[in-house]
Amino acid sequence: MANSTARIPVKVHRNVALVRLGEPILAEELLARKTLSRSVLGRLSETVLLIESEACEAVLDELKRMGHTPRFVKRDDAQRR
Amino acid sequence: MAQFRSRESRDGDLAGLERRPGPPEPGDHSRREFRAALVRYRGPRLATIRQAQGGEIESTRPRPGSMADEITERLDSPAVVSSLIERLSNPARQALGFFDLTELASIPLKTLVQIMRLLGAKPAILLEPLELGLLAIETNPALPAIDDLAFQLERGLYAAIQLRIHPAVARLARTLAPEGPPPTLAAGVVQPRETDGLEPLIRLAALWQRASADPLRQTQSGALYKRDRDRIQGDAVLSGPSSLALTPIPEPAVLTLALALRTGLILMDSSGERMVAAPFDDWTTNAVHLPRMIASGWLGLESWREFPAEPEDLEPIPLRLAALLWLASLPESEWTTLESLADHLLAHHPQAEPAETTEPYAPGARRARPRARPTLSPVSRIVEQLEAVLLGSAFFLGLVRAGEERATGRRAVQLTPLGRYVLSVGPAPTPPPLFEQFLFVQPNFEIIAYRQGLSPRLIGQLSRFASWTKIGSALELAISRESVVQGLELGETAASILETLSNHSHRPMPASVADAVTSWSARREQVTLHESATLIEFANAFERDQAAERWPTGNGQAPVPVADRFLLVEDERTVPFDRLRLTSTRDYRQPPGVCFAVMPDGLTVALDPARSDLLAPAEVVRFAESLPPELPNRESFRTPEQPRYLITPASLKSALDRGVSPHQITQWFERRAGTTTPPAVTLLLAALDGKSPPIRARTLIVIDLPSAELLDGLYQHPATADALSERLGPTTAAVAADQIAPLKKTLRDLGLRIDIDGA
């Protein structure tokens, strides 16, 4: 039986650029968009797309062009919070 | 207010479009500039200053650099600065106060001299703070080193000399009102009027909203691009005339932009070409300081002026400072007329002033005093200028109260509590009682706001999610999807927006507004773009869920479960590492590392889990197929822990169809496998390319000789060389089928025999 107080082994991935979506269909929508799919490096799950960190601003602009109003969590925001 | 200019961060360069205003000047920059000014002094002069400050000089030949360091460092001590300021005469302390009042770190000497003359002080008094090193002379670096301070003061009237203050001195300098106030009114004043001082804040907030939505761009010469200039000048809120000012304010949009730059509400970005909105987070917390910051910004503003520049006129900065300081010298309840104030200024200003000259400066030669000439305009012109300054901008900013002299009907003025506070002759003004319910939220998303309920803090709060659309006695705002999204980006929530509106509304919130705000907010939560998230990877879903349950609460945002084994954390500082055991970390800002091994078949790549990262599996499946662990292995090289991926013609074709190029695949192998593209993969790529020449099949006969030397002989001998094809090994060579008979004959002629299998 596992000890509930034991420290759980983890691997930490820092400074990951990703888009988190509310529904899988939104991920499909994004992947179908050529300008966006170029910046997508992979799909971590049905609703999480890994993207190139250099392409964040371009992805943001493209999401806005698609009519989305994405929440953008910037590096500074995360560090300041 | 961290992002806005604090009283400690003074801008050495007057903000102005034509001057390409820079970002606010932080204290350390100002300190460096002060030291840089001192370095241009001669060593002995610096030694004298050092001694005047109470320091000892050890070297007989003091070096300017080290002496400038010592003086600058000594002034870092508030106790030292206080004791040095105490040694100054009142007029000299007053001169330091100009820096305090305008929040400028460096002021042109000509401007300082004009202010002092208007206040009845002798400019030579500036020698006092110069000799104690509290101020430093800034000159053109190409000019000779500074030695004679008195001479520099005199020369400064003709050349572009500035006086710079040490930041610690600026912090301790206090504004002093001059002695001998202008005549007060005996008959009293009727119809006293003053503004609430909120309109400049609302205009600044509106400009911030415009710049936040679309930054303003600047040309190389420092002017706004035409599109942006038209946008600002065509904006009814920014360019509309103030309904409050008693004298029209010229170019209100330019004034607003200049004040926004001086207060740090609008910043130049790092490229120096775009003006962007400063972070707005702290507006509501620090809004109470904004009226004073705006007043200081206006007092030191050179790029915008209340009246057109005429050669004989006073400059705006000296006139603003002198007029307000004279008003500050009045008892709190007393008034004076503009005419009395103009007379008072004329009485103190000298009747002659050196004319400007462009003659080159001759080092070592003292300039003869120039011909005296009258410089002041008639009283009526001074009154006109005072009207523009006091009844226009100062009244607009809420610094001055205006009325009419009972007996004559002439305009009379006095400082408001805010004006007295800014001039350091009164306490911070008591906020007026506010009406809590001052908003009318209408179903068409427009909001009417009555200014009696507004405060600087509430202006900031409303500006976060509603756009200012009209300024007058009643104010109008509009709610739109864009404005609400902006509010959400600033940290508001649908609930907080609706709460703010409800708390200050007369009537219940229209359902259409509440529904729209909630819907816009929910839609935004559907897509979140993380620029730099932290993902905690667990061995399995059970451990992930266990960690999530034990995650400390009340320590920022809760982690979000992602995929099967991950927790997404926005701020890594909230991760309870004391409950987790860190096995490895990967920083995705660093270049990717090698984590794949190419198997002997050249088509299978195995991922090393210990060196893997999140992107590795995602990258490889773009051109390879994942092999399930239970799949029978074609070879024996797989270890169970290593996920494997097989490159097949189909997977490669799919990759090429999706836009992955062969070059990208080559780069991937170099980056991720530390090797060149395996030949087997190159073979598949060549097959898919379709442009490779066909593979030719032909019949060859292999001849095998007893020794390499004999084969060398066959290749060298002219009778046999032409019959041979490529050499296959040290002793073997290929011969085309049609050449075997001639070769056999030639060898026979040479006395050699050849046996052919089956022949």
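Identify the single condition in (1) surrounded by 14 or more Cβ atoms within 10 Å (Cβ to Cβ); (2) more than 9 Å from chain A (Cβ to nearest Cβ); (3) more than 23 Å from A:SER45 (Cα to Cα); (4) free of Cβ contacts under 8 Å to residues at least 40 places away in the same chain that B:TRP551 does not satisfy, given that it satisfies every other one.
(3)
Okay, residues lined up against (1) buried (at least 22 other Cβ atoms within 10 Å of the Cβ); (2) not hydrophobic (A, V, I, L, M, F, W, C):
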{"position": "B:PHE98", "(1), (2)": "yes, no"}
{"position": "B:LEU109", "(1), (2)": "yes, no"}
{"position": "B:GLN114", "(1), (2)": "yes, yes"}
{"position": "B:LYS122", "(1), (2)": "no, yes"}
{"position": "B:GLU128", "(1), (2)": "no, yes"}
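Within segment B:629-646, is there a residue that is open to solvent by less than 60 Å² (accessible area, probe 1.4 Å), assigned to a loop (DSSP other than H, G, I, E, B), closer than 18 Å to B:VAL681 by Cα and modelled with pLDDT of 65 or more?
Looking for residues that are open to solvent by less than 60 Å² (accessible area, probe 1.4 Å), assigned to a loop (DSSP other than H, G, I, E, B), closer than 18 Å to B:VAL681 by Cα and modelled with pLDDT of 65 or more, one finds none in segment B:629-646, hence no.
Considering only segment B:502-523, how many residues are in contact with a Ser or Thr (Cβ under 7 Å, 6 or more places away or on another chain), surrounded by fewer than 20 Cβ atoms within 10 Å (Cβ to Cβ) and within 14 Å of another protein chain (Cβ to nearest Cβ)?
Within segment B:502-523, residues that are in contact with a Ser or Thr (Cβ under 7 Å, 6 or more places away or on another chain), surrounded by fewer than 20 Cβ atoms within 10 Å (Cβ to Cβ) and within 14 Å of another protein chain (Cβ to nearest Cβ) number 1.
Here are some residues: B:ARG164, B:ARG174. Which one is open to solvent by less than 40 Å² (accessible area, probe 1.4 Å), among the basic types (Lys, Arg) and on the phi < 0 side of the Ramachandran plot? First the steps, then the outcome.
Values: B:ARG174 fails: open to solvent by less than 40 Å² (accessible area, probe 1.4 Å).
Matching residue, one of B:ARG164, B:ARG174: B:ARG164.
May I ask you to list the residues in segment B:707-749 that are assigned to a loop (DSSP other than H, G, I, E, B), out of contact with any Leu (no Cβ under 6 Å at 6 or more places or on another chain) and open to solvent by 30 Å² or more (accessible area, probe 1.4 Å)?
Within segment B:707-749, B:SER707, B:HIS717, B:ASP722, B:LEU728, B:PRO730 qualify.
Scan segment B:472-501 for residues that are open to solvent by 60 Å² or more (accessible area, probe 1.4 Å) and within 22 Å of B:LEU198 (Cβ to Cβ) and jot them down.
Answer for segment B:472-501, where residues must be open to solvent by 60 Å² or more (accessible area, probe 1.4 Å) and within 22 Å of B:LEU198 (Cβ to Cβ): just B:SER473.
Only one of (1) surrounded by fewer than 21 Cβ atoms within 10 Å (Cβ to Cβ); (2) touching a strand residue (DSSP E or B) at 6+ places or on another chain (Cβ under 9 Å) fails for B:SER77. Which number is that?
With respect to (1) surrounded by fewer than 21 Cβ atoms within 10 Å (Cβ to Cβ); (2) touching a strand residue (DSSP E or B) at 6+ places or on another chain (Cβ under 9 Å), B:SER77 is out only on (2).
Assess whether A:ARG75 counts as being modelled with pLDDT of 90 or more and open to solvent by 30 Å² or more (accessible area, probe 1.4 Å).
No, not satisfied.
B:ARG381 fails exactly one of the following numbered conditions: (1) part of a helix (DSSP H, G or I); (2) in contact with a helix residue (DSSP H, G or I) (Cβ under 6 Å, 6 or more places away or on another chain). What is the number of that condition?
Evaluating B:ARG381 over (1) part of a helix (DSSP H, G or I); (2) in contact with a helix residue (DSSP H, G or I) (Cβ under 6 Å, 6 or more places away or on another chain) leaves (2) as the failure.
Could you tell me which of the residues B:SER424, B:SER455, B:SER467, B:SER496 is away from every other protein chain (no Cβ under 14 Å), on the phi > 0 side of the Ramachandran plot and under 34 Å from the mean Cα position of the chain (by Cα)?
That would be B:SER424, the only listed residue that is away from every other protein chain (no Cβ under 14 Å), on the phi > 0 side of the Ramachandran plot and under 34 Å from the mean Cα position of the chain (by Cα).
Surrounded by fewer than 21 Cβ atoms within 10 Å (Cβ to Cβ), in a strand (DSSP E or B) and in contact with a helix residue (DSSP H, G or I) (Cβ under 7 Å, 6 or more places away or on another chain) - does that describe any residue in segment B:227-246?
Within segment B:227-246 (the criterion being surrounded by fewer than 21 Cβ atoms within 10 Å (Cβ to Cβ), in a strand (DSSP E or B) and in contact with a helix residue (DSSP H, G or I) (Cβ under 7 Å, 6 or more places away or on another chain)), the answer is no, since none of the residues qualifies.
Check segment B:525-539 and report whether any residue there is more than 20 Å from A:VAL73 (Cα to Cα) and more than 8 Å from chain A (Cβ to nearest Cβ).
The answer is no, given that none of the residues of segment B:525-539 is more than 20 Å from A:VAL73 (Cα to Cα) and more than 8 Å from chain A (Cβ to nearest Cβ).
Can you find even one residue in segment B:219-226 that is in a helix (DSSP H, G or I), on the phi < 0 side of the Ramachandran plot and surrounded by 15 or more Cβ atoms within 10 Å (Cβ to Cβ)?
Step one: filter segment B:219-226 for residues in a helix (DSSP H, G or I), giving B:226.
Subsequent filtering for residues that are on the phi < 0 side of the Ramachandran plot retains B:226.
Keeping just the survivors that are surrounded by 15 or more Cβ atoms within 10 Å (Cβ to Cβ) gives none.
No, segment B:219-226 contains no residue that is in a helix (DSSP H, G or I), on the phi < 0 side of the Ramachandran plot and surrounded by 15 or more Cβ atoms within 10 Å (Cβ to Cβ).
Quick check: anything in segment B:57-69 buried (at least 16 other Cβ atoms within 10 Å of the Cβ) and in contact with a Pro (Cβ under 8 Å, 6 or more places away or on another chain)?
Yes.
For segment B:578-615, what are the residues that are open to solvent by 40 Å² or more (accessible area, probe 1.4 Å) and within 9 Å of chain A (Cβ to nearest Cβ)?
Correct list: B:ASP578, B:ARG579, B:ARG581, B:LEU582, B:THR583, B:THR585, B:ASP587, B:ARG589, B:GLN590.
Considering only residues that are in contact (Cβ under 8 Å) with a residue 40 or more places away in the chain, assigned to a loop (DSSP other than H, G, I, E, B) and within 45 Å of the chain's Cα centre (by Cα), which ones fall in segment B:594-626?
Answer for segment B:594-626, where residues must be in contact (Cβ under 8 Å) with a residue 40 or more places away in the chain, assigned to a loop (DSSP other than H, G, I, E, B) and within 45 Å of the chain's Cα centre (by Cα): B:VAL594, B:CYS595, B:LEU614, B:PHE623.
Exactly one of these conditions fails for B:ILE249: (1) over 21 Å from the mean Cα position of the chain (by Cα); (2) over 18 Å from B:ALA295 (Cα atoms); (3) at pLDDT 90 or above. Give me its number.
With respect to (1) over 21 Å from the mean Cα position of the chain (by Cα); (2) over 18 Å from B:ALA295 (Cα atoms); (3) at pLDDT 90 or above, B:ILE249 is out only on (2).
The values are calculated or read from the model by the stated rules, or taken from the named source; none is laboratory data. As the structure is a computational prediction, the values presented were derived from the model and not from experiment. Quick reminder, even Gly has a Cβ in these numbers, built from the backbone with ideal geometry, and neighbours come from all protein chains shown. Just so you know, the surface numbers come from the protein's heavy atoms only, side chains and all, with ligands and any DNA or RNA stripped out. Shrake-Rupley method; radii C 1.70, N 1.55, O 1.52, S 1.80 Å.
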